[in-house]
Each structure stands twice: as C-alpha cells, then as structure tokens.
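Encoded as structure tokens, the structure appears first; notes follow it.
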Amino acid sequence: MTEAATTVHVEHQFDDVEQQREAATLGIWAFLGTEVLFFGGMICGYVVYRRLYFTAWHQGSLITDNFRFLGISSGAWNTAVLLTSSLTVALSVRATQLGQNRALIKLLIATMVFGIAFLGIKAAEYTHEYHEGVIPGESMFHPDDEVTADLHRAADNTGANPATLRGQFRLFWLFYFFMTGVHALHMIIGVGLFTFLLIRARRGKYTPASHAQVEIIGLYWHFVDLVWIFLFPLLYLVK
Amino acid sequence: MDTSFRLFPKEASQLAARVDHLVLFLLGVSAFFAILIFATILFFVVYYRRRNPGERPPQIAGNTLLEIVWTVIPTGLTMVMFVWGAKVFVAAQTPPADAMEIFVIGKQWMWEIQHPEGRREIDTLHVPVGRAVKLTMTSLDVIHDFSIPDFRVKQDVRPGSYSTEWFVPTQVGQYRLFCDQYCGAKHAEMIGTVIVCDPAQYAAWLAGAPSDVPPRVAGEKLFLQYGCATCHGQYAPTLAGLYGRSVDVLDEHGNHRQVIADEAYLRESILYPEAKMVVGYPNRMPSFKSSLSEEQLMQLIEYIKTLSAAADLGSYHGANLGPATQPSEAQPRIENPPFSDFRTNR
Amino acid sequence: MASIPYTPELPFAETYLNTRHTVASWLLTHDHKRIAILYMLSITMFFAIGGSAAVVMRLQLLTPHSSLVEAETYNKLFTLHGVTMVFFFLVPSIPVTLGNFLVPLMIGARDLAFPRINLASWYIFMAGGSLALSSLILGGVDTGWTFYTPYSSTFANTHVMLAITGIFIAGFSSILTGLNFIVTIHTMRCPGLTWFRLPLFIWTTYATSIIFVLATPVLAITLALVGLERVLHVGIFDPALGGDPILFQHLFWFYSHPAVYIMILPGMGVVSELIPAFSRKELFGYKVVAIASLAIALLGFLVWAHHMFIAGISIYGGLVFSVLSFLVAIPSAIKVFNWTATLYKGSISLDTPMLYALGFIGLFTIGGLTGLFLATLGIDMHVHDTYFVIAHFHFIMVGGAVMAYLGGIHFWWPKITGRLYPERWGRISAIIGFLGFVLTFFPQFLLGYLGMPRRYYAYAPEFQVYNVMSTCGASILALGYLLPFTYLLWSLRWGKKAGANPWHATGLEWTTASPPPTDNFDQTPVVTGPPYNYHEMEFPDD
C-alpha cells in the first residue's frame, strides 16, 4: 500500500518532523502532569473530609452505588465503558501505525460512542440524583423521605446530630458533583477532540508517518479514563 | 500606656528573654555572614575593577572543596537554629498543669474575656504577675489572633475549635494586645490592653464586681437544664474526675485511641459525641450543637472541671462510680429534659 | 570604566520590530519576541496599579490614626496591592518578558515550541487580569491576597467572586507558559547544546516552569472551592457550616509557597548572567548553581506549612516544616557564595545592570537571612503576621526580584530594542532605588519585632517613627522606578543605536543582530563548548 500523498507539515519553529513530534508528545505529558495536580487537589479535599465525616460519606456512596442497571451500579457500567474505550483508543493508534485507515475510522467512532455512552449514563445518574433531591444547591437540596430516613437512622446509630450529618452529607454531594462534573467536562472535550480526529481521518490525514495527533489525543483520553479509575472507588465504594 | 518610641519591645513574660536571646543568636550569625559577604563583594569590586578596556581575567571554573565547606557550615548553623527555636517553641506551646485558666472569645471586632471566678472584661485582660496563665480561646466568626508582643506570644483564634496560649507575666505594667489575623473592616481596632497587677491588686479587681456570676455556677444551671445528670453517672461515663485525665476512646472508624480530657475534648464531646466514644459505652449521647452558644459551652466546661478529684491523674475508664454528679438539692430536677426522646427504643 | 562603543548606523535590516506595523500584526503575532513585549506592557500596567495602591497605603500610615482613607478602603487597597503585585506582576514578570524573549534565542531556536499557545497565554492573562481589575472598579475586594476563610468564603461582602475568577483564569496562562518552556528547553536546543552547556537563565526558567506546571492547578482548585462555598453556602472551609478553615490554608499555601520561588528563581537566573558578563569570567561553580536551581524548586514544595506555625497545626507538624524550611535556604546561600566567588580576580565594570545585580545580592541576602528568623519556630511565634514578615518578603521580592528584573531589562534592552539607554541615568536610578528601598523596608523589621501587626490602617503611636521613615523611603523608591520608566522610553526614540553585542557578553542571543530578525538567527547556531566562554571573547581596547 503506497503511503498517502500528504506530507507532514512541519511548523516553522521546528527543524524536522521528529523534533515536532517529540515536542508535541512532551507537551501533552507535561499538560497531563498539570491535570494530575488539578484533580489531585480535589481528591485531596475529598479524602480529608472522608476521614472526618465518614458516616456522611458512607451514606452518600450508598446512594451513588445504588443506581443500578441489571443489578450493576452505574459507576461500574461507566468504568466498563471507559476501559473499553481505552482499548479502542489504543487499537486506533495501532491502526494508524499500520496504515489501516478504515479500521481507524471505525475505532474512532467506537471510542466516541463509548464516550457518549459514558456521558449518557452520567446524565441519567444526575437526573436520578436530582429526583432524590441531593443536588447541593442552596435551595435545591431537599433529600426525599427515604434518603432522609436513612440519614436519621445513621445519625442515631452514631449519636450524631442529624442537622450536622445533613450538612456533611450535602458536602459529600458538593464534592461528588464538582469532581464528576469537572471529569465530565474533560470527557466532553475528549469527544470533541475525537470528532476532530474523525474528520481528519476521513480525509486521509493520518498515515504511519504522520499519526502524532492520534497518539497525543489518545493520551489525553487515557488520562481522563485514568482519573475515572480513581474517582470510581472513591465516590462509589466508600465502606 | 507608654507610647514613647522604642527600639525593642519590653521583656514582660517568662518567654521574652528566651526569644530575645534566640534572636540575638540569629542576628549575630546573620550579621556575620552578611558583613562577610558584603565586605568581600565590596573589596572584590574595588580591587578587581576594570583597569583597561581590553583586559581579560583568568577563568576559574570552581572549587569543590569550597562548595562543600559553604554547604556544610550553613547547614550546621541552621540546624542549631532549628533545635534552639524548636525548644523555645515547644515550651511556649506547653502550658504547665497548674496554670490559671481564662477563657477568651474573639469576635468581630472585640475580645471578650471571662475569668473563672466570674469577672468578665472587654478588650482588657487583667492577670496577676508571676503566675502562669493559660488562655483557652475560640472565635464566633472568622479567624482572629491573640497577640501580646511584649510577652512574645500569639496564637490564631479559630471559629469551631479551641486554641490555647500561655505565659507567665514577669513585670507589672500595661502591655499592648493586638488582633493579629486580618478579620475584616475593623481589624486594626480589635486591640486592647493586658494589665499585669501584683497578686493583691488582682484579687481586689476580681472581687470588684460582685454581680458577676462565675461561669461554673452558670454551667451547673445548664447541666441541670439539659439533663446531663440523667445519664452521666448512670448509663453514661461519670464526669467526676474526668477533666485532665487520659481517656480510652473509640473514634468514628472504630480505632482505639487515648486522649487527654482537656477543654477541646469536652467541647467536641458535647457538640460531636460520635467523634470520640468512651470504650465500653454505647453510642447514645445526643449532640447539643444547635442548643448551646460558645459562651454556654465554656460555662459547662468550667462546671465539669470543678467535678474533678484533686488527686491522681491516672487513666480514666469512665467507671460508673455511682451518682457522682448529682446536682445540689436546692435546684429542682427538670422533668423530661429536652432531647430525651432522642433515645427512644429502636 | 569602559564606555559602550557607538555602532554606526547599519543599512536597513529586517528585524522583528520593523517587519510589520499593523495592530493586527502585533495582536495576532506568533513571534515570541513580540509576545514578550505585549506582556511587558501588561505587567508594567499592573505594576503601576499595585504601586499606586502602595503609595496611598504608605501615606495613610504616616500618622497613627490617619483619615486619608477609611478603614474599608485601606483594606481594599492592601488586597489590591497584594493581588496585582503577586498574581499579575511578580509571578509572570521575568518569565513572560525576558523568558519569552530570550529562551529561544539562548538555545538557538527560531521560536518556542508552541507559538500559538504562547499568544493564547497572553490573552488568557489579560482576560484574568481584566476580571480582577473589574472587581476593583466595582468597589474592590477586602480579603487580603490570601483569601483566608471563613472571612472570604462567608463573611466578606465585597467582589470576591470576580477577583478569584480573574486569578483562576490567569493561572491557566501560567500553566501554558510553563509547559511551553519545558517542552522548548527539552526538545529545541540547537546542535551541541547539551544540558550542562545551557546558560543559567535557562536552568532557572526550567526550574520555574516546573513549579508553574505543578503548583498552579492546586491554586485553581482551592479558589474554585472558595467560590463554591460562597455561592452554595456549603461548609468546605467555614466551621459554622461544618468546614475546616485550616484545610483552606494548607491548600492555599501548597501553591503560594512554591509561588514565591516562581518569583525569585528567574531573578537568580538573571543575576547568574549579569555577574559573569560584568566580571568577564565564567560563573564560579556553574554545575552547582544549576543543580541548586532545581533543588530550590523541588524543596520549595515541601515547606508550605511554615506559614501556619501558629494557625493550629500540631507541634510535630511545626517541627517538620521548620527543619525543611531551613534546608530550602541552603541552595540559595550556595548561589550567593558562588556569585561572590565569580567576582574574585575578575575584570569588574559597574555598569547599570551590574549595579542592579550587586544590589540584588545584598538585598536578597538580607531577605534570605531574615527568612531563617521566620523558619525558627521560637521566633516566628512572635513575629508571625507582623511587619517583620512584610519586610522579609519585600526584601526578596522587591530588593530581589524587581531589582533583578530591572537589571535584566537594562542588560537586554539593546537586544530587545536595538537602542542603548543613557548609562549615567541608569546608574543614578539604580542607586536611588537601592537607597530608597532600604529606607522603606529596613525599619519594618524593627516595627515587626516591636509587634506592629500587618494589615492595620491605624497603629499604636509608639510605631510612628519607623512608619515615617518607611514612607520617606517609599517616595525615594518610587523615584527609582519612575526614572527608568522615563529614560527607557526616551531611549526608544533618542537612544544610541546598539550593535549586536554591546556588552561583549557570551550567549547565543548576542551573536545575532540587535534587534534580532523574526527568525532569530540567519543560520542555526552550533555550540561547541561550555557557556560563559569569556576566555575566547574579544574585548576591544577602546
């Protein structure tokens, strides 16, 4: 199979393709480093409060873990979806390296489908949580009767003041929505980036000689996936 | 108050001289190195000034021995500073057991001070000379700081928890008190005076306002009103002899710990009983967070402190020593104390 | 004292300045040199705003109970001063001006790795800065630049959200700049330019960029959480709602302590270039100084809670952070010794940049030594949150970083503009600034030890003498800034034209024209030996 006629454009500040590629790769790794600290700060705050307000955190994760399809929690479904999408991402990089453009396009679409599926499940979760009344807005936070009863029971078991526990419970939800929300934002950006990749792939821009963009955006997706691997046990499996 | 120009603050506490000596040490070391470096630079700049435009000096890449010497020596000196400073600090943060205790509440923008004998004051603090004083402090709103420069002490005063500060005033006189953590509009006016008197004057001042009720008396009233004696001494750990002892507790995660029953522990147990539960007792105490103000908490704590046996400070096991905390007969027991329905059978 | 030779007018050469003149060619430029100039204009504006706030503050403090401004206004002024000076002047300063301009030149590259991201950085910076300034115009913020909770998250009724949003956005500018520098330095060095042949300015820029990239995200999250608490009234940091105010302090200082190393490391890099240039000697202990830069960056992440010794952390925590704070001082001391040793047997010329460099060493040394006082637990408990701390950090940030910035601006002015500034005015201004600075800030050490707290609009009368000294000094210091501003602008039109290397300094930037062409070099340079190769430099005899 002959190589695609397109040559790789080298930006004027770079000496050659190799240098451009090296710079782009290092650039994405450095950027992901900043993202680690970004999410790390949030996770640090969450973990500190988990230790301080364990009862409330436990109550929170009972709800997050309880939204289930076919007996499996939505968080676990999301984890499965994202892990599979990372597989399709890795395969799409491989497809580019082997010059298999049609396979690449299919894999890109598959990744986007999984990404959108993730977002869909998230949306369903958020809707469910809205109905449970746990969105931590000032006037929006009114947990329904079942949740409130659970809270009271937990308060009595530990001797805690129910009003205090309610406040801590609300804090859990603040962290939950903040962390999953920022993560979801990154997913939406990821789907957008993959749309860009798809458009260019359909124009045949990615060849074994010029597939840096696929690799770099793939790295971003892997990172967002990795963040979820941390968020899932932290938010859903508090025991 | 002496407002004349001063080069250095007065030394008016047991700590001040120690801090000043430490400062002099650092000043000496710093001055030595600063003068050494500046003199060297000045000398080099003059002696090696460019004398003709084309001159090219010898190139010297470095000297490993020199690098080692001027790494090791500063490291050694700074470690001396660290150890000395740590010693002074630990002493400053460790009040003696027999310190006289005074409560402080900071709020925007004033200091309310409560002496255990009953006398209260605003923005002034009367203390006797020569006795250790321990301040237990909290804030009602934002973070403040109780700073007495002439004593060389300060500590942040936080909402939601207690902090402590202690000193022994060594000189009779009046000294500045400043709030030293920015707390809003009138932060610069949250200042006051510490009045150190000799013991006789202090006693006279304490007795000066007979209408003030000592906090422990108010505390005893609260103890009855909220029905603490209903449980404590029978179903719940007795409070007699509790204050100051070490207690075996389980925390929220079920981890076993030993803590000292100080003011902070008492405050936390009243507001968040689930945080530390005495080993061997069920988790039944309700929280009084929504019912008690900071001032009432201080009063209750003062009362509980009076229940301490003077003697040994061994480990406390919350043993049911019988009704050790019965109120005096003059006060009627309140039937059906509030929150009693919190403990309905489940 | 050698005078700078006058270079006759060269035939017309295309430079990055004269290549295109439209506004669009500046606002949409990809050229790192033009972006550096855009930044220079921006940070000068922020410096002027922050400096004006300081002027009013110092005037207020002339008398113990002045009514020049009201209490609330004063509180807004010191907040404005801190926010603009820290986030919008010092943190960007040398990296975005001299760094942006010089990094590609010093490594023999045509531009940074990501020129469009560089331009985006500037726009993001301006967006953040505009938001923060708008909070000023709408009435100000009064929380202090440290935004301590629960005051900032629950009690303050000023425009906190606007200010923290502005800082949040500007943080992304820092992150992208740091990322750009890291990638550029790693991947775009010209042939022969190995790591230990890099000029020290590149080493410090690299170390600073690591801090940019790792610390700034934590600030972003912290400010976001404060914003969420303000808007949603959830108890993250406010104890009344169940939050922990000390958690805020930990998160805040985790960024803000490394931030001070962001502010000083580039200045150290500039000084490491100036001392060799004006002694005509290679830097003594080059490798040690390079590694020390990295050590400062890394150790700087481990000491944040020394801002919290009496905030309510445990005694054990205090001990750990105290000993680490002493250790982070050692690499800085090593640098000072190495700079001094470079002067030994040198051929020293006291041109303006050298005066600034020597001033830096003097003032930074004092500032650094007073840092030891603050690291000492037994002393900090007395001087915490007093004017002692203010004096300490102004010695480092103004006596240090700003002097280094001015020294660098003067040194590279011929390269950036193609003009020479008037040397006598330069020296006069440097000396005026130095003297004004010392008079302003040295008395504040004594004020702090006496116990005068920070952020006070009125003070006890016994503090007045030192306050008056300080305000007098401030007026002299202001002159020391106004003069360079004036004559540097003057030189753009009437300064003598500069040749490629008026200082006869080493460094790739001096091998190309002043100002450089857009692509920096006519041919990619090849490096064959170590930096500061003064033994090979030609020095004319006139």
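Scanning segment B:148-175 for residues that are closer than 23 Å to C:TYR449 by Cβ and in contact with a helix residue (DSSP H, G or I) (Cβ under 6 Å, 6 or more places away or on another chain) gives B:ARG152, B:PHE167, B:TYR175.
Just one of the listed residues (C:LEU98, C:LEU68) is open to solvent by less than 10 Å² (accessible area, probe 1.4 Å) and hydrophobic (A, V, I, L, M, F, W, C), and it is C:LEU98.
Given the condition in contact (Cβ under 8 Å) with a residue 40 or more places away in the chain, polar (S, T, N, Q) and buried (at least 17 other Cβ atoms within 10 Å of the Cβ), answer yes or no: does some residue in segment A:33-44 qualify? For segment A:33-44, residues in contact (Cβ under 8 Å) with a residue 40 or more places away in the chain, polar (S, T, N, Q) and buried (at least 17 other Cβ atoms within 10 Å of the Cβ): absent. Taking the criterion of being farther than 30 Å from B:PRO53 by Cα, among the acidic types (Asp, Glu) and open to solvent by 10 Å² or more (accessible area, probe 1.4 Å), the only residue of segment C:235-281 that qualifies is C:ASP244.
Evaluating C:ILE169 against the criteria (1) open to solvent by 30 Å² or more (accessible area, probe 1.4 Å); (2) within 25 Å of the chain's Cα centre (by Cα); (3) facing another protein chain (nearest Cβ under 10 Å) leaves one unmet condition, (3).
When each of A:LEU83, A:LEU87, A:LEU26 is tested for being at pLDDT 90 or above, in a helix (DSSP H, G or I), in contact with a helix residue (DSSP H, G or I) (Cβ under 6 Å, 6 or more places away or on another chain) and not aromatic (Phe, Trp, Tyr), the lone residue that passes is A:LEU26. Say we look at segment C:202-217 and pick out the residues that are touching a Ser or Thr at 6+ places or on another chain (Cβ under 7 Å) and more than 12 Å from every other protein chain (Cβ to nearest Cβ); which of these is farthest from C:ASN533 (Cα to Cα)? So, considering only residues that are touching a Ser or Thr at 6+ places or on another chain (Cβ under 7 Å) and more than 12 Å from every other protein chain (Cβ to nearest Cβ), the one farthest from C:ASN533 (Cα to Cα) is C:ALA207. Residues in segment C:447-494 that are among the hydroxyl-bearing types (Ser, Thr, Tyr) and open to solvent by less than 30 Å² (accessible area, probe 1.4 Å): C:TYR449, C:TYR456, C:TYR457, C:TYR459, C:TYR466, C:SER470, C:THR471, C:TYR487, C:SER491.
The set of residues in segment C:309-366 that are crowded, with 24+ Cβ neighbours inside 10 Å, over 29 Å from C:VAL383 (Cα atoms) and small (Gly, Ala, Ser) comprises C:GLY346, C:ALA357. One residue stands out among those in segment B:1-17 that are open to solvent by less than 60 Å² (accessible area, probe 1.4 Å) and either aliphatic (A, V, I, L, M) or more than 9 Å from chain C (Cβ to nearest Cβ) (or both): the one that is farthest from C:MET452 (Cα to Cα), which is B:GLN14.
Only one entry of C:VAL83, C:VAL56, C:VAL91, C:VAL69 meets the criterion of being at pLDDT below 95, out of contact with any strand residue (DSSP E or B) (no Cβ under 8 Å at 6 or more places or on another chain) and of a type in the set (Val, Ile, Thr), and that entry is C:VAL69.
Here the strands (runs of 3 or more DSSP E) wholly within segment B:70-157 that include at least 1 residues being in contact (Cβ under 8 Å) with a residue 60 or more places away in the chain and among the hydroxyl-bearing types (Ser, Thr, Tyr) are B:124-128, B:133-139.
The residue pairs whose first member lies in segment B:18-33 and is open to solvent by less than 20 Å² (accessible area, probe 1.4 Å), whose second member is basic (Lys, Arg), and whose beta carbons are closer than 6 Å, counting only pairs six or more residues apart or on different chains, are B:VAL19/B:ARG152. Screening A:VAL81 against (1) in contact with a Gly (Cβ under 9 Å, 6 or more places away or on another chain); (2) crowded, with 18+ Cβ neighbours inside 10 Å; (3) touching a residue at least 60 places away in the same chain (Cβ under 8 Å) leaves a single unmet condition, (3). Applying the condition of being in contact with a strand residue (DSSP E or B) (Cβ under 9 Å, 6 or more places away or on another chain) and at the interface with chain C (Cβ under 9 Å from one of its Cβ atoms) to segment B:58-99 and asking which residue is nearest to C:GLY378 (Cα to Cα) yields B:ALA92.
Just one of the listed residues (B:GLY160, B:GLY173) is more than 10 Å from chain C (Cβ to nearest Cβ) and either surrounded by fewer than 24 Cβ atoms within 10 Å (Cβ to Cβ) or without any contact (Cβ under 8 Å) to a residue 12 or more places away in the chain (or both), namely B:GLY173. Among the residues of segment C:514-530, just one is farther than 20 Å from C:GLY192 by Cβ and surrounded by fewer than 19 Cβ atoms within 10 Å (Cβ to Cβ), namely C:PRO517.
Only residues that are assigned to a loop (DSSP other than H, G, I, E, B) and of a type in the set (S, T, N, Q): list them for segment C:152-194, please. If the condition is that a residue be assigned to a loop (DSSP other than H, G, I, E, B) and of a type in the set (S, T, N, Q), then C:ASN157, C:THR158, C:THR194 are the ones that fit. Among the residues of segment A:50-60, the one identified as at the interface with chain C (Cβ under 8 Å from one of its Cβ atoms) and either in a helix (DSSP H, G or I) or touching a Lys or Arg at 6+ places or on another chain (Cβ under 9 Å) (or both) is A:LEU52. State all residues of segment C:75-90 that are of a type in the set (A, V, I, L, M) and crowded, with 24+ Cβ neighbours inside 10 Å; if no residue qualifies, say none. Scanning segment C:75-90 gives C:LEU80, C:VAL83, C:MET85, C:LEU90.
Scanning segment A:150-182 for residues that are surrounded by 19 or more Cβ atoms within 10 Å (Cβ to Cβ), at the interface with another protein chain (Cβ under 8 Å from one of its Cβ atoms) and either closer than 16 Å to A:GLU138 by Cβ or under 28 Å from the mean Cα position of the chain (by Cα) (or both) turns up A:GLY167, A:GLN168, A:ARG170, A:LEU171, A:LEU174, A:PHE178.
Pairs are defined by a Cβ separation below 6 Å, a sequence spacing of at least 6 or placement on different chains, a first member in segment A:105-125 that is crowded, with 18+ Cβ neighbours inside 10 Å, and a second member that is among the charged types (D, E, K, R) and in a helix (DSSP H, G or I); no pair meets this definition. From the list B:VAL278, B:VAL247, the one residue that fits, being surrounded by 15 or more Cβ atoms within 10 Å (Cβ to Cβ), over 19 Å from B:TYR162 (Cβ atoms) and at pLDDT 85 or above, is B:VAL278.
Annotation: A:ASP225 fulfils all but one of (1) part of a helix (DSSP H, G or I); (2) surrounded by fewer than 18 Cβ atoms within 10 Å (Cβ to Cβ); the unmet one is (2). Do we have any residue at all in segment A:206-215 that's among the hydrophobic types (A, V, I, L, M, F, W, C), within 12 Å of chain C (Cβ to nearest Cβ) and in contact with a helix residue (DSSP H, G or I) (Cβ under 8 Å, 6 or more places away or on another chain)? No.
Being in a loop (DSSP other than H, G, I, E, B), closer than 30 Å to C:SER514 by Cα and in contact (Cβ under 8 Å) with a residue 40 or more places away in the chain is a condition met by no residue of segment C:391-399.
For segment A:18-34, a tally of residues being among the polar types (S, T, N, Q), more than 21 Å from the chain's Cα centre (by Cα) and facing chain C (nearest Cβ under 7 Å) returns 1.
The values are calculated or read from the model by the stated rules, or taken from the named source; none is laboratory data. This structure is a prediction, so every number in the text was calculated from the model and none was measured. Because the Cβ atoms are built from the backbone with ideal geometry, glycine has one as well, and the counts that use them run over all protein chains shown. Side chains included, ligands, DNA and RNA excluded: accessible areas come from the protein's heavy atoms. Shrake-Rupley method; radii C 1.70, N 1.55, O 1.52, S 1.80 Å.
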